[in-house]
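First up is the structure itself, then whatever we jot down about it.
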Amino acid sequence: MSDASPVRTSALLASLDWLDHAFLPAGMAPPEEIACGHQRHTATVVMAEEAFPRKQREADAVIATGPRPVAVYTADCLPVLIADTRQRNVAAVHAGLKGALAGVLPQAIDRLIEAGATPDSLFAAIGPAIAPCCYELGEEMLNTILVNPLATAPRWFTLQPLNKQAVRPQARAAHQGVWFDLPALGRQMLLDRGIPAAQIDILPVCTYCCAEAQSSYRRNTHFSDGYALRYSWIRRKA
Ligand SMILES: [Zn+2]
């Protein structure tokens, strides 16, 4: 790979010494022993035992109550890693726009709470994903978001925001739509379930214009650079 392709981490999650986590670059293999669903943009949450060996179950969020790492694979969707400091349980959530609107984030949080978490014991990190600098949506899709009761404070821009961290050109406007803030939608859903703002981290990395060239599905539909999934994983230290 010609680009520098760093393994990224969240400073917030790294401050919890009982866990390990990583947002891997496109194409890097995750740990062999991960539990991971066969992702379908649903709100289905399973336990790690049900998602190991990987992809044997359809699920978009996986929770571990033991030391097995749980993972999601993403392109432009949100990879969200969640840690419960009370029970030391962890979750990996795949939340694209469709899965987020289906409720995968609140479902995952509810399962962690059933397993003994409280909202204020949860820490979450939203990894590299497509950002409003490159995520144009048509009016019809925006209207779908606006009527969804889970989207309590959707954020978008009518003018394409400039991303000063961009390492390659931002997406070009294609359909006179709006520039939607998907990471902010994920954050708002975590806040709405009671996670304190100080316990939510967003990595400021747009997969289209800031990350390695292979990481954006949408960019690849524009340029065909090749495209490879990015795994994000989290585990309780044994
Ligand atoms: Zn961008």
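Brief remarks on what is shown
- The residue pairs whose first member lies in segment 123-144 and is within 22 Å of residue 229 (Cβ to Cβ) and part of a strand (DSSP E or B), whose second member is within 16 Å of the ligand (Cβ to nearest atom) and among the charged types (D, E, K, R), and whose beta carbons are closer than 8 Å, counting only pairs six or more residues apart or on different chains, are 129/76.
- The residues of segment 146-170 that are within 14 Å of the ligand (Cβ to nearest atom) and among the basic types (Lys, Arg), listed by number, are 164, 168.
- Scan of segment 210-237 for residues that are modelled with pLDDT of 95 or more and of a type in the set (A, V, I, L, M, F, W, C), ordered by number: 233, 234
- Looking across 44, 74, one residue alone is touching a residue at least 24 places away in the same chain (Cβ under 8 Å) and surrounded by fewer than 24 Cβ atoms within 10 Å (Cβ to Cβ). It is 44.
- Only a single criterion out of (1) away from the ligand (no atom under 16 Å from the Cβ); (2) in a helix (DSSP H, G or I); (3) over 13 Å from the mean Cα position of the chain (by Cα); (4) of a type outside the set (Ser, Thr, Tyr) is not satisfied by residue 189, namely (3).
- Here residue 36 meets each of (1) crowded, with 17+ Cβ neighbours inside 10 Å; (2) out of contact with any Pro (no Cβ under 9 Å at 6 or more places or on another chain) with one exception, condition (2).
- Test: residue in segment 110-130 that is among the hydrophobic types (A, V, I, L, M, F, W, C), crowded, with 19+ Cβ neighbours inside 10 Å and within 14 Å of the ligand (Cβ to nearest atom): yes
- Residue pairs meeting the criteria (Cβ under 8 Å; at least 6 apart or on separate chains; first touching a residue at least 12 places away in the same chain (Cβ under 8 Å), in segment 78-90; second charged (D, E, K, R)): 79/230; 88/236; 89/236; 90/84; 90/235; 90/236
- Residue match in segment 164-174 (condition: assigned to a loop (DSSP other than H, G, I, E, B), over 19 Å from the mean Cα position of the chain (by Cα), on the phi > 0 side of the Ramachandran plot and not acidic (Asp, Glu)): no
- For the criterion of being within 16 Å of the ligand (Cβ to nearest atom), at pLDDT 95 or above and under 15 Å from residue 39 (Cβ atoms), residue 105 fails.
The values are calculated or read from the model by the stated rules, or taken from the named source; none is laboratory data. Note that the coordinates shown come from a computational prediction; the quantities given were computed from them, not determined experimentally. Every residue, glycine as well, gets a Cβ built from its backbone with ideal geometry; the counts of neighbours run over all protein chains shown.
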